[in-house]
2 protein chains.
Amino acid sequence: MSAMAFVEAPAVAGSPLDHFLDRNRSRLEARLASECEDLGSGLSALGEVLGRAVGTDGRGGGRWRPLLTLAAAETCGGPADGALDAAVAVELTHTASLVLDDLPCMDDAATRRGDLATHRLVGSAGAILLSVGLLSRAVELLGRQPGYGGTLAAEWGSTVGLAGMAGGQAMDVSASTALRGAKRRLHRTKSSALPALALSAGARSAGASEATCAGLAAVGRGLGWAYQLRDDADDRAEDLRLGRAAGDWRPLSRSARIMRMTLRRLSRVPGLGDEGRDILAGLAVRVVPDVPKGEF
Amino acid sequence: MSAMAFVEAPAVAGSPLDHFLDRNRSRLEARLASECEDLGSGLSALGEVLGRAVGTDGRGGGRWRPLLTLAAAETCGGPADGALDAAVAVELTHTASLVLDDLPCMDDAATRRGDLATHRLVGSAGAILLSVGLLSRAVELLGRQPGYGGTLAAEWGSTVGLAGMAGGQAMDVSASTALRGAKRRLHRTKSSALPALALSAGARSAGASEATCAGLAAVGRGLGWAYQLRDDADDRAEDLRLGRAAGDWRPLSRSARIMRMTLRRLSRVPGLGDEGRDILAGLAVRVVPDVPKGEF
């Protein structure tokens, strides 16, 4: 599913998910825009490009990762507002990973979010430094959370580092053949680590227990992996259409299987309110619409 | 002064600085080596190169930044051991910045620390991901510090980000003419931000007051800037030798002036023990030996 499809998909009118999105989308966008303005001030070209990379011009996609953070906070009984900094940190981290993935030395992508890729606007050096700037601001935002900033920052470190997104991307870049065992598991973290942090950070901001944070992190890992498989399925459909595909790799059926498992797991996470759990499940099904919501 | 000169420079036998270095150098190297081993495990080529980038084979240079962290902790009455994680975080952050600076799209350096530059060993993509991995581990180490991990992580974020090292490097890369005003000040942070964090993080680990942390951060900024000017002076001497120099830019006299100011500032930082202050001053003069120690 494309990011725009997520934004435009009609929710059931008046559903708790609807109300949640109404309350939180514009607040999130406003905070992202003000953060980018602050971060880019005095930086000329790099500053101007920063908002475009994050998509504060309305091309930022579905923002499902930071919305997960806000939803997790509400589900755990806290106000979504208390998780706004963490949500922004999650989206800045995601954007940084996109900017790096698009570099000529990585995936060499020319466009992103309906705009030119950042390195096409400010060169590779500018894109790398902008990415480091986004990551650093994410750490600032998380570290400043009173009481649990250190824990969040440490979790961010393991999410982004060589046992997480950076390691997963390294597997992605280096894989000449199919990955197996530990390397295959590491590769998955490229997609699964950040949704896990998104959920656990939201829960933490609401003072949730370790069991709740860990349970939601596992849900986030499942969702991130199912999302990646769905993305692979779209690529594969394109390959089949062009007569390029081979083998019997069927990512769509695997994505549906993992989504079912993930939704079952969500139903067992302790300490969540019923309405909040419903909002999280609704969000998850919008992100990976391979399982009819009535099925769980 | 080259990094190796720092390592080999004779200290006054039996001086407090001597004893400090005896106590702490090998512990620091051992922790750096074990951190790199842990960080690189399961990563094949990238893992093997990690220790080389950090210089755990003995080519890591003077390690003056992390030694500042340990010295600051002792000076503030804490054990140096309590600042070992923070010191390692500082050195990993420094290494990450070197790996990025050396990339073909930045300074395009072929060698570093007497070895091939990281991108010459694992390509640009590998070097960038390794760098993100080092930065992320630094955040993990800082965030985990009990009680002040969030503060340290937030300070790390502003040190490394677009108002700090990344912004300074952006000025370095983009400058076609001499920088002025705010851009010139931002450029300085490339060299001055990390020594400031090195000192304040050590002080924080020993439970120092905000005034002490801020005072030591200012000393670190001065030292970092003097170090950079000294480096510029070495480049300029080389240019003069080759008949390439022009203008009357005299970095060496500026470096000495800033060192004098920095040492005066150190003498006024509240809450430091006399012997610790002496060790810090001795370290500073080793890093930028443009001011005779007897002068302050």
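The values are calculated or read from the model by the stated rules, or taken from the named source; none is laboratory data. This is a predicted model, so every value here is computed, not measured. Reconstructed Cβ throughout: ideal geometry from the backbone, glycine too, with neighbour counts over all protein chains shown.
Just the residues that are surrounded by fewer than 24 Cβ atoms within 10 Å (Cβ to Cβ) and more than 7 Å from chain A (Cβ to nearest Cβ), please, taken from segment B:157-167. The one that is surrounded by fewer than 24 Cβ atoms within 10 Å (Cβ to Cβ) and more than 7 Å from chain A (Cβ to nearest Cβ): B:Ala163.
Within segment B:188-198, the presence of at least one residue that is farther than 20 Å from B:Arg63 by Cβ, modelled with pLDDT under 95 and surrounded by 24 or more Cβ atoms within 10 Å (Cβ to Cβ) is confirmed.
Do we have B:Arg137 as surrounded by 22 or more Cβ atoms within 10 Å (Cβ to Cβ), among the charged types (D, E, K, R), at the interface with chain A (Cβ under 9 Å from one of its Cβ atoms) and touching a residue at least 24 places away in the same chain (Cβ under 8 Å) here? Against the criterion (surrounded by 22 or more Cβ atoms within 10 Å (Cβ to Cβ), among the charged types (D, E, K, R), at the interface with chain A (Cβ under 9 Å from one of its Cβ atoms) and touching a residue at least 24 places away in the same chain (Cβ under 8 Å)), B:Arg137 qualifies. Within segment A:140-151, restricting attention to residues that are at the interface with chain B (Cβ under 7 Å from one of its Cβ atoms) and part of a loop (DSSP other than H, G, I, E, B), which residue is surrounded by the fewest Cβ atoms within 10 Å (Cβ to Cβ)? Ranking the qualifying residues of segment A:140-151, first place goes to A:Arg144. Against the test of being under 30 Å from B:Ala214 (Cα atoms) and either of a type outside the set (Val, Ile, Thr) or free of Cβ contacts under 8 Å to residues at least 40 places away in the same chain (or both), the options B:Arg260, B:Arg236, B:Arg241 yield a single qualifying residue, B:Arg260.
The number of residues in segment B:272-296 that are at pLDDT 95 or above and assigned to a loop (DSSP other than H, G, I, E, B) comes to 1. Scanning segment A:41-58 for residues that are within 21 Å of A:Pro195 (Cβ to Cβ) and either more than 14 Å from chain B (Cβ to nearest Cβ) or basic (Lys, Arg) (or both) returns a single hit, A:Gly55.
For A:Ala154, indicate whether it is touching an Asp or Glu at 6+ places or on another chain (Cβ under 6 Å) and either within 11 Å of chain B (Cβ to nearest Cβ) or not acidic (Asp, Glu) (or both). In short, yes. Only a single criterion out of (1) closer than 24 Å to B:Asn24 by Cβ; (2) within 9 Å of another protein chain (Cβ to nearest Cβ); (3) crowded, with 22+ Cβ neighbours inside 10 Å is not satisfied by B:Thr93, namely (2). Checking segment B:173-183 against the condition returns no match, with no residue being buried (at least 24 other Cβ atoms within 10 Å of the Cβ) and hydrophobic (A, V, I, L, M, F, W, C). Specify the residue that is farthest from B:Trp156 (Cα to Cα); the eligible residues are those in segment B:107-134 that are at the interface with another protein chain (Cβ under 9 Å from one of its Cβ atoms) and either hydroxyl-bearing (Ser, Thr, Tyr) or surrounded by fewer than 20 Cβ atoms within 10 Å (Cβ to Cβ) (or both). This residue is B:Gly123.
For every residue, the table says whether it meets (1) of a type in the set (Ser, Thr, Tyr); (2) touching a Lys or Arg at 6+ places or on another chain (Cβ under 7 Å); (3) under 25 Å from A:Val99 (Cα atoms).
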| residue | (1), (2), (3) |
| --- | --- |
| B:Val88 | no, yes, no |
| B:Ser131 | yes, no, yes |
| B:Val139 | no, no, yes |
| B:Gly149 | no, no, no |
| B:Ala153 | no, no, yes |
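Inspect all residues belonging to segment A:53-73 and state whether any of them is surrounded by 24 or more Cβ atoms within 10 Å (Cβ to Cβ), closer than 27 Å to B:Ala175 by Cβ, of a type in the set (A, V, I, L, M, F, W, C) and modelled with pLDDT of 95 or more. Looking for residues that are surrounded by 24 or more Cβ atoms within 10 Å (Cβ to Cβ), closer than 27 Å to B:Ala175 by Cβ, of a type in the set (A, V, I, L, M, F, W, C) and modelled with pLDDT of 95 or more, one finds at least one in segment A:53-73, hence yes.
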